[in-house]
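The values are calculated or read from the model by the stated rules, or taken from the named source; none is laboratory data. Just so we're clear, the structure is a prediction, and the values are computed from it rather than from any experiment. Virtual Cβ from ideal backbone geometry, glycine too; neighbours counted across all protein chains shown.
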Amino acid sequence: MSHRDKAAAAWPDLPDWVAVLAERCDQASQQKVARTVGYSAATLSYVIGNRYNGDLGKVEQAVRATLMAAEVACPELGTMALVQCMEWRERAKTFETTSSLRRQMYDACRSCPFNGE
């Protein structure tokens, strides 16, 4: 049974991002897709099988950023790739004065509606 078939059987209303995840796992190894997305192969298996008890929103965001090339409207810099937004959010967790843009994004990301932390 393909990953896509497993996902379709497990999810009553298959979300688009789970369908993309399953299709990518069918095209490449689940381990390769896991490395791309930033989660373990086991986590992807649980998500595809609708048995994941963790934060599905974070997995969804990672899939949309890495596999679906999603974009967001950054309030500070305008339209950018979701993966770039996620990188800025990660950098904004610590304050560093390496550049004026870093300082600007430190302030912006901490109060951004896309930052669910």
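Residues in region 86-107 that are of a type in the set (G, A, S) and either exposed (fewer than 11 other Cβ atoms within 10 Å of the Cβ) or assigned by TED's automatic domain parsing to the domain that holds R24 (or both): S99, S100. Listed by first and then second residue, the pairs linking a residue in region 24-38 that is farther than 15 Å from M68 by Cα to a residue that is in a helix (DSSP H, G or I), with Cβ atoms under 6 Å apart and 6 or more places separating them unless they lie on different chains, are D26/H3; D26/R4; Q30/A41; Q30/L44; Q31/A41.
Of the residues making up region 70-82, one or more are in a helix (DSSP H, G or I) and not charged (D, E, K, R). Given the residues V83, V37, which is the only one that is surrounded by 15 or more Cβ atoms within 10 Å (Cβ to Cβ) and outside the structural domain of Y106 (by TED's automatic domain parsing)? Matching residue, one of V83, V37: V37.
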